[in-house]
Amino acid sequence: MALRIRPAGREIRQAADGPELPECWLLAEWPAGESEPVQFWLSDLPADTPLTTLVRLAKLRRRIEHDYREMKQALGLAHFEGRTWNGWHHHVTLVSVAHAFCTLQRLARAPKDAASA
């Protein structure tokens, strides 16, 4: 479910430039069989953004969290113990390349119909 809303609240308005905040999207994930929504998102994407795009971008966070966890646990992102910028940069670059390689391998093995979905 997606609705265009205008957020309200005294603290929010004090932080804004004008008297009214601009309209934004409120997305709610409401699975069948549930008595109420289980997750909510606010988005400042344009009003003509298709619902499929809103949902895809809202769900992208799970993919990002999964990738970050994979980089930390399986690829060693959190194992750097050096003290220099160059050393840290080198480490993060190698972990990023390893993650890109793993992602490409996973996509190459995926069934063609699942990869295009």
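Rounded to the nearest 10 degrees, the angle from helix 85-109 to the longest Cα principal axis of the chain is 80 degrees. Per-residue surface analysis assigns TRP41 an accessible area of about 60 Å², computed on protein heavy atoms at 1.4 Å probe radius.
Pairing the Cα long axis of helix 51-73 with the longest principal axis of the chain, what angle in degrees results, from 0 to 90 and rounded to the nearest 10? For 51-73 against the chain, the angle is about 30 degrees. Taking each residue as 0.36 nm, the span from VAL97 to LEU3 lengthens on full extension beyond its C-alpha to C-alpha distance by 29.9 nm. Calculate log10 I(q)/I(0) of the chain for q = 0.14, 0.16 Å⁻¹, where I(q) comes from the Debye formula with a single equal point scatterer on each Cα and nothing for solvent. So the normalised log intensities work out to -0.89, -0.96. In the distance distribution for segment 39-88, Cα-Cα pairs more than 13 Å apart total 70 percent.
The values are calculated or read from the model by the stated rules, or taken from the named source; none is laboratory data. This one's a predicted model, so the numbers in the text were calculated from it and none came from an experiment. Just so you know, the surface numbers come from the protein's heavy atoms only, side chains and all, with ligands and any DNA or RNA stripped out. Shrake-Rupley method; radii C 1.70, N 1.55, O 1.52, S 1.80 Å.
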